[in-house]
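Chemist: Here it is, the structure, as structure tokens.
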Amino acid sequence: MKNNPNANLDDYFNLVREQSPWPNGYHPKEAVLKSGDQFEMALSVGQGPEYPGRFGTPTGTIRDVDYVRDNLAVKNDWKPSIDKVVTYRVKDGVKLPVLEGPVGPQVDLGMDKYLPGGAHQTQILIDRGKNLMDYLEIIDVRPIK
């Protein structure tokens, strides 16, 4: 509550329960990533670059694990140990539907920490049953601490 003095207890419980990737009341912008567009993504130990998640951020923004936790609001339950950042590029002839906007805050109960979010994010709207590497190519993989 001290991190969001304008919120009430119901807002806090809603944040914990809903885990929305967007700020409360925000409606993300629909967009399309086109051939050549790039973004980066933080990955966990053991998560190969060929297995991206569905949320990215503009290239050059992820500095360290603290940035991933605080600004991208990635809970420890979702990615217990983050060790790399992968830059992806949309393949030639591909259009990817996405949602874009600011990262919503999260409460990491296991770590007893409020994650404020606020960075820009892109949610890829491709079904989890599909292989994202049919749409993306890996440009760079770099370690982070």
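Chemist: Could you please find all residues in the stretch 1-49 being within 14 Å of GLN123 (Cα to Cα), polar (S, T, N, Q) and either at pLDDT 95 or above or touching a Cys at 6+ places or on another chain (Cβ under 8 Å) (or both)?
Modeler: The one that is within 14 Å of GLN123 (Cα to Cα), polar (S, T, N, Q) and either at pLDDT 95 or above or touching a Cys at 6+ places or on another chain (Cβ under 8 Å) (or both): GLN38.
Chemist: Got a number for residues in the stretch 101-121 being touching a Pro at 6+ places or on another chain (Cβ under 8 Å) and either aromatic (Phe, Trp, Tyr) or part of a strand (DSSP E or B) (or both)?
Modeler: Residues that pass the stated criteria total 6.
Chemist: Also, I was wondering about something else. Of everything in the stretch 61-95, what is basic (Lys, Arg) and not in a strand (DSSP E or B)? Give them in sequence order.
Modeler: ARG63, ARG69, LYS75, LYS79, LYS91
Chemist: Let me ask something additional. In the list GLY36, GLY46, GLY56, which residue meets the criterion of being free of Cβ contacts under 8 Å to residues at least 40 places away in the same chain and among the small types (Gly, Ala, Ser)?
Modeler: Criteria check complete, one pass: GLY46.
Chemist: Out of all the residues in the stretch 26-53, which are small (Gly, Ala, Ser), surrounded by 16 or more Cβ atoms within 10 Å (Cβ to Cβ) and within 14 Å of LEU132 (Cβ to Cβ)?
Modeler: GLY53
Chemist: I'd like the full set of residues that are within 12 Å of LEU96 (Cβ to Cβ) and in a loop (DSSP other than H, G, I, E, B), limited to the stretch 128-145.
Modeler: LYS130, TYR135 - these are the residues of the stretch 128-145 that are within 12 Å of LEU96 (Cβ to Cβ) and in a loop (DSSP other than H, G, I, E, B).
Chemist: Return only the number of the condition from (1) closer than 17 Å to PRO23 by Cβ; (2) among the aliphatic types (A, V, I, L, M); (3) not in a loop (DSSP other than H, G, I, E, B) that VAL98 does not satisfy.
Modeler: (1)
Chemist: Let me ask something else. Please specify each residue of the stretch 54-83 satisfying the condition of being in contact with a Leu (Cβ under 8 Å, 6 or more places away or on another chain), farther than 19 Å from SER20 by Cβ and surrounded by fewer than 19 Cβ atoms within 10 Å (Cβ to Cβ).
Modeler: Correct list: ASP83 only.
Chemist: Return the residue satisfying two criteria in turn: it lies in the stretch 105-124 and is of a type outside the set (Gly, Ala, Ser), touching a strand residue (DSSP E or B) at 6+ places or on another chain (Cβ under 9 Å) and free of Cβ contacts under 8 Å to residues at least 60 places away in the same chain, and of such residues it is farthest from ASN24 (Cα to Cα).
Modeler: LYS113
The values are calculated or read from the model by the stated rules, or taken from the named source; none is laboratory data. Please read all numbers here as calculations on a predicted model, not as lab measurements. FYI the Cβ positions are ideal-geometry reconstructions off the backbone, even for glycines, and counts take in every protein chain you see.
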